[in-house]
Every structure is written in structure tokens, then in C-alpha cells.
Amino acid sequence: MKEEIVVEISPSGDVKISVKGIKGKSCKALTKGLEAEFGDVQSTHTTGEFNETEQKSAVHNRGRA
């Protein structure tokens with residue numbers, strides 16, 4: 001599943017931010033700035049992905065000699 005952030009704004013101005021395809025608590029860091037821009041958070045809900053283990057990967061670039 002690809003990673004995405006979906007922002008929905010209702011006609012009344014309510015904002016819903018959904019994170020898909022990101023495991024673990026790192027989704028909170030991704031939405032923090034958006035939440036600050038849109039104002040007070042009325043509620044939050046987590047999905048099953050929130051409780052899954054984050055998979056971290058690293059890419060190393062070794063210079064050529």
C-alpha cells in the first residue's frame with residue numbers, strides 16, 4: 001500500500017485528516033503541522049496500522065574511490 005495523507009474539508013469547515021499506509025506512531029509526526037494549521041483538534045482516532053511495528057529502512061551511499 002502506498003503512503004498517503006488525505007485531507008477532507010466539509011462544507012461546514014470541519015477538517016478530517018487521514019493517514020494511510022504508514023505503520024506505527026510516525027503518522028502523528030506527519031500530521032502535526034497540518035493539525036496546527038487547521039486549529040484545535042476535536043478528536044483523534046487510530047487505525048490498526050497505528051499499533052503495528054514501524055519498519056525502518058536506511059539507504060547508505062558509499063562514495064566511489
Expected output for the range 4-28 (first residue of a type in the set (Gly, Ala, Ser), partner assigned to a loop (DSSP other than H, G, I, E, B) and surrounded by 11 or more Cβ atoms within 10 Å (Cβ to Cβ), Cβ below 6 Å, 6+ apart or cross-chain) is GLY21/GLU3; GLY24/GLU54; SER26/GLU54
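Tell me, which residue of the range 28-65 that is among the acidic types (Asp, Glu) and outside any helix (DSSP H, G or I) is modelled with the highest pLDDT?
ASP40
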From the option list GLY13, GLY24, single residue qualifying as more than 17 Å from the chain's Cα centre (by Cα), modelled with pLDDT of 75 or more and at positive phi is GLY13
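The values are calculated or read from the model by the stated rules, or taken from the named source; none is laboratory data. Just so it is clear, the model here is predicted, and its values are computed rather than measured. FYI the Cβ positions are ideal-geometry reconstructions off the backbone, even for glycines, and counts take in every protein chain you see.
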